[in-house]
Amino acid sequence: MTSRTCPCGLPASYDACCGRFHGGSAAAPTAELLMRSRYSAFVKGDAGYLLRTWHPRTRPGHLELDPGTRWTGLEILDATDGSAFHSSGSVTFRASYRGGSLLERSRFERVDGAWAYVDGEFPEERE
């Protein structure tokens, strides 16, 4: 990943990809793009965006990010529903960081037309 590409792994600049969601000029049109933009927000340390895109039913009161965590990559493993034609969806992904990785299946729902992160579960790695 160069400094000009988006941290989410798509072949676009940060400004043309997740940066427009973080800045508020656009909303993620699918659950997968919201998940990618949330990963990029972790990379950028944007706790405000993470809270804004969290479902009100499950949103924490505050969020403190670990500034020592260095996220190094994102791999989408599966996506179910989550398009313009759905009211919910899920995305299973692996987010790598210096020293390890996190496997999560995230659930998303629409709130007032916009996608929001509901919660996630952490399936066991299969060997």
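The values are calculated or read from the model by the stated rules, or taken from the named source; none is laboratory data. The structure displayed is predicted, hence computed values, not measured ones. Here Cβ is always computed from backbone atoms with ideal geometry, including for glycine, and neighbour counts include all displayed protein chains. Surface accessibility is based on the protein's heavy atoms, side chains included, excluding ligands, DNA and RNA. Shrake-Rupley method; radii C 1.70, N 1.55, O 1.52, S 1.80 Å.
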- Query: Can you tell which of Thr53, Thr80, Thr69 is within 20 Å of Cys17 (Cα to Cα) and among the polar types (S, T, N, Q)?
  - Reply: Thr53
- Query: Scanning for something open to solvent by 50 Å² or more (accessible area, probe 1.4 Å), free of Cβ contacts under 8 Å to residues at least 40 places away in the same chain and not in a strand (DSSP E or B), does the range 72-84 turn up at least one residue?
  - Reply: no
- Within the range 15-43, which residues are closer than 20 Å to Gly82 by Cα and hydroxyl-bearing (Ser, Thr, Tyr)? Thr30, Ser37, Tyr39, Ser40
- Task: Quick one: which residue in Tyr49, Tyr97, Tyr14 is without any contact (Cβ under 8 Å) to a residue 60 or more places away in the chain, under 20 Å from Phe122 (Cα atoms) and either buried (at least 16 other Cβ atoms within 10 Å of the Cβ) or touching a strand residue (DSSP E or B) at 6+ places or on another chain (Cβ under 8 Å) (or both)?
- Result: Tyr97
- Task: Would you mind stating whether Ser106 is among the hydroxyl-bearing types (Ser, Thr, Tyr), touching a Ser or Thr at 6+ places or on another chain (Cβ under 8 Å) and open to solvent by less than 50 Å² (accessible area, probe 1.4 Å)?
- Result: yes
- Note on the structure: Exactly one of Ser87, Ser25, Ser40 is open to solvent by 60 Å² or more (accessible area, probe 1.4 Å), out of contact with any Ser or Thr (no Cβ under 9 Å at 6 or more places or on another chain) and under 22 Å from Pro11 (Cβ atoms), and that residue is Ser25
- Task: Mind listing whichever residues of the range 52-61 are in contact with a helix residue (DSSP H, G or I) (Cβ under 8 Å, 6 or more places away or on another chain) and exposed (fewer than 10 other Cβ atoms within 10 Å of the Cβ)?
- Result: Pro60
- Message: Just to be sure before I move on: is Ala114 modelled with pLDDT under 95, out of contact with any strand residue (DSSP E or B) (no Cβ under 9 Å at 6 or more places or on another chain) and closer than 18 Å to Ser37 by Cα in the structure I sent?
- Response: no
- Verdict on Glu32 being surrounded by 18 or more Cβ atoms within 10 Å (Cβ to Cβ), out of contact with any Asp or Glu (no Cβ under 6 Å at 6 or more places or on another chain) and among the charged types (D, E, K, R): yes
- Item | Members of the range 98-127 found to be part of a strand (DSSP E or B) and of a type in the set (Asp, Glu), listed by number | Glu104, Glu109, Asp119, Glu121
